[in-house]
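Here is the structure we will look at, set down as structure tokens.
The values are calculated or read from the model by the stated rules, or taken from the named source; none is laboratory data. On a predicted model such as this, the values are computed, not experimentally measured, just so you know. Positions of Cβ are backbone-derived with ideal geometry, glycine not excepted, and every protein chain shown enters the neighbour counts. Heads up: the accessible areas ignore ligands, DNA and RNA and are worked out on the full protein's heavy atoms, side chains in. Shrake-Rupley method; radii C 1.70, N 1.55, O 1.52, S 1.80 Å.
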Amino acid sequence: MLIDSHTHLEMPDFKKDLEVVIQRAKESGIEYIFTVGTEKKDWKRALEIANSHSSIYAILGVHPHNAKEIDDQTYPMLKELCRDGKVKAYGEIGLDFFRNLSPREIQLRRFREQIGLAKELGLPIVVHDREAHQETLEILKSEKAEECGGIIHCFSGDYGMAKVCIDMGFYISIPGTITFKNAERFREIVQRIPLDSLLVETDAPFLTPEPFRGKRNEPSYVRYTAQKLAEIKKVSFEKVAEVTTENALRVYKLA
Ligand SMILES: [Zn+2]
Ligand SMILES: [Zn+2]
């Protein structure tokens, strides 16, 4: 049994064959899927998918790319939607200084605000950090994010950053990039992070692992990431599946 802790089934990439994709995940032993609605147009769709499948849960929030779209109606609407029992975390929120689709100042402010909102809602947060490690850590600390805890998704920091986050009660989620040929440094970092703090994710339709790199990603491919993690950790695939599943159930409060 495996869990895809972070994916985007509401995105148009899955419009044509969503049910087939979900079925394929089931057949591959993916017990639960957490689908992340990152902007207003996706929230209801993500919830709809979660509410029509017992194996799927939702995560809602405003992605740093969309931070500039937040207006007076955004937070009241999210508060309402997050009351649904199928919503298990708030996110993904954070900073993306690689693409900078929203101005940095706005990203910083909205990240802080949304940590506050997640705490109010009693939900763990899912953090997106791309090329903003220092600023992400500063905000997690100053906003006392240890009070909600959560997940650093698609982790791309160094071991020191992982350690700080774990000490604050966060889990570190590993995407398919761990399978890439040129990811040797990333694998060395992950090798040092205790399995007890790790999750696996696809972030589908993005970041497709080998051997399917270049094609659309989907939840069933999370097993290639788990397989690579087993190699790196020198433990069995079953052990990785068991521990990452326990971790995901714990952080999402399903166990
Ligand atoms: Zn992300
Ligand atoms: Zn994502």
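Here are a few things to note about the model shown:
- Å² of accessible area per residue within the chain, as computed with a 1.4 Å probe and no ligands counted: 44
- Most to least accessible of H8, H133 (protein chains only, probe 1.4 Å): H133, H8
- Summing Cβ point charges (Lys, Arg +1; Asp, Glu -1) relative to the Cα centre of the chain gives a dipole of roughly 320 debye.
- Lys-Lys pairs in the range 175-255 that are eight or more residues apart or on separate chains and whose Cα atoms lie under 18 Å of each other come to 4.
- The chain - mean residue ellipticity at 222 nm from DSSP helices (-39,500 (n - 2.57) per run, n ≥ 4, rounded to 500): -12500 deg cm²/dmol
- Protection proxy ranking for 149-161, 184-196, using the average of other Cβ atoms within 10 Å per residue and placing the highest first: 149-161, 184-196.
- Annotation: L249 carries an accessible surface of approximately 30 Å², with a 1.4 Å probe and no ligand, DNA or RNA atoms counted.
- For T74, solvent-accessible area (1.4 Å; no DNA, RNA or ligand), Å²: 10
- The range 16-123: projected area of the alpha-carbon convex hull, averaged over directions, in nm²: 7.5
- Solvent-accessible area, 1.4 Å probe, carbon plus sulfur percent, for the chain: 49
- Extents of the range 180-241, largest first, come to 30, 24, 17 Å (Cα atoms, principal axes, whole angstrom).
- Whole-Å distance, taken between Cα centres, linking the range 144-159 and the range 187-201: 13
- Antiparallel %, DSSP beta bridges [both residues in the range 109-255], to 5: 0
- Among V251, V20, the order of accessible area from largest down is V20, V251, computed with a 1.4 Å probe on protein heavy atoms.
- In summary, the range 135-240 shows an alpha-carbon radius of gyration equal to 1.08 times the 2.2 N^0.38 Å reference for compact globular proteins.
- Placing +1 on the Cβ of every Lys and Arg and -1 on the Cβ of every Asp and Glu, with nothing else charged, gives the range 1-51 a dipole about its Cα centre of roughly 180 debye.
- The packing ranking of peptides 175-182, 65-72, highest mean first, is 175-182, 65-72, where packing means the average number of other beta carbon atoms within 10 angstrom of each residue.
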